[in-house]
Amino acid sequence: MSDLTEIKSAARKAAFARRKTAFDLNIPGAAGHLSEVIAGYRGVPLSGFVPIRTEIEPLPAMAEAAAHGPVGVPVIQGKGMPLKFSRWQPEGEMRDGPFGAKVPLVDDYFEPEILIVPLVAFDVQGGRLGYGGGFYDRTLELLRSKRPTLAIGFAFDAQEAEALPLEATDQPLDMVITESRILQFGH
């Protein structure tokens, strides 16, 4: 293992612990600021995520957005490949996807212009530490090569880190939304 791999592993471990503590608080209305922000983009195709383990809950904001335009969730296509996004509905039938995330029963793919991105840790410069598979980095790079694509990290305040071990391939976030604030970055 390289030094950077070990550093990233340690950063993830610490961030997972902070995230679990925040998750266990069961903060009511955690998606309120997320709803506010995406209401300003009504009808723009967007992707959220179905939370796994201790991830913050974006589903209420996604349900509101689905009343005005296409909302999808990520579907992993395979190791080393970008994500695809399948149309999601609040009451739609779901099936088990890779890594324990639920995905729509029937695939109906589209390309979102806004991605609500899960994460393990973030910094106040728009850096994001994910799970280590590079799925969102590859996907954002691909989508941004075609058109402007807004990447919104959604996390608990507790997931903020002082400094993240980032690489050149790590795609920056345009915004981070937590249960208490909205951070915007001018990359």
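The values are calculated or read from the model by the stated rules, or taken from the named source; none is laboratory data. Quick caveat: nothing in here was measured; it's all calculated off a predicted structure. As a convention, Cβ positions derive from the backbone with ideal geometry for all residues, glycine included, and neighbour counts pool all protein chains shown.
Check whether at least one residue in the stretch 97-106 is within 28 Å of residue 168 (Cα to Cα), within 17 Å of the chain's Cα centre (by Cα) and not aliphatic (A, V, I, L, M), and report yes or no.
Yes, there is a match, as at least one residue in the stretch 97-106 is within 28 Å of residue 168 (Cα to Cα), within 17 Å of the chain's Cα centre (by Cα) and not aliphatic (A, V, I, L, M).
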statement: Taking the stretch 88-107 and keeping only residues that are part of a loop (DSSP other than H, G, I, E, B), out of contact with any helix residue (DSSP H, G or I) (no Cβ under 8 Å at 6 or more places or on another chain) and in contact (Cβ under 8 Å) with a residue 24 or more places away in the chain, one is left with 101, 107
query: Filtering the stretch 57-77 down to residues that are over 18 Å from the mean Cα position of the chain (by Cα) and either under 30 Å from residue 24 (Cα atoms) or among the small types (Gly, Ala, Ser) (or both), which residue is surrounded by the most Cβ atoms within 10 Å (Cβ to Cβ)?
result: 69
- prompt: Filtering the stretch 78-96 down to residues that are of a type in the set (D, E, K, R) and farther than 24 Å from residue 169 by Cα, which residue is surrounded by the most Cβ atoms within 10 Å (Cβ to Cβ)?
  reply: 87
- request: Sort out which residues of the stretch 118-137 are part of a helix (DSSP H, G or I) and of a type outside the set (Phe, Trp, Tyr), and write them in order of number.
  value: 137
- prompt: Pick from the stretch 38-51 the residues that are touching a residue at least 60 places away in the same chain (Cβ under 8 Å) and surrounded by fewer than 19 Cβ atoms within 10 Å (Cβ to Cβ): which of them is nearest to the chain's Cα centre (by Cα)?
  reply: 51
query: If you go through the stretch 120-134 one residue at a time, do you hit one that is buried (at least 20 other Cβ atoms within 10 Å of the Cβ) and β-branched (Val, Ile, Thr)?
result: yes
query: Which of (1) surrounded by fewer than 17 Cβ atoms within 10 Å (Cβ to Cβ); (2) in a strand (DSSP E or B) is the odd one out, the single condition residue 167 does not satisfy?
result: (2)
- line: Scanning the stretch 1-30 for residues that are in contact (Cβ under 8 Å) with a residue 60 or more places away in the chain and assigned to a loop (DSSP other than H, G, I, E, B) gives 27, 29, 30
- prompt: On the given criteria, is residue 115 in contact (Cβ under 8 Å) with a residue 60 or more places away in the chain, closer than 18 Å to residue 37 by Cβ and within 11 Å of the chain's Cα centre (by Cα)?
  reply: yes
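Each row is one residue, and each column tells you yes or no for (1) at pLDDT 95 or above; (2) charged (D, E, K, R); (3) assigned to a loop (DSSP other than H, G, I, E, B); (4) closer than 28 Å to residue 157 by Cβ.
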| position | (1), (2), (3), (4) |
| --- | --- |
| 44 | yes, no, yes, yes |
| 55 | yes, yes, yes, yes |
| 61 | yes, no, no, yes |
| 69 | yes, no, yes, no |
| 72 | yes, no, no, yes |
| 86 | yes, no, no, no |
| 112 | yes, no, yes, yes |
| 116 | yes, no, no, yes |
| 139 | yes, no, no, yes |
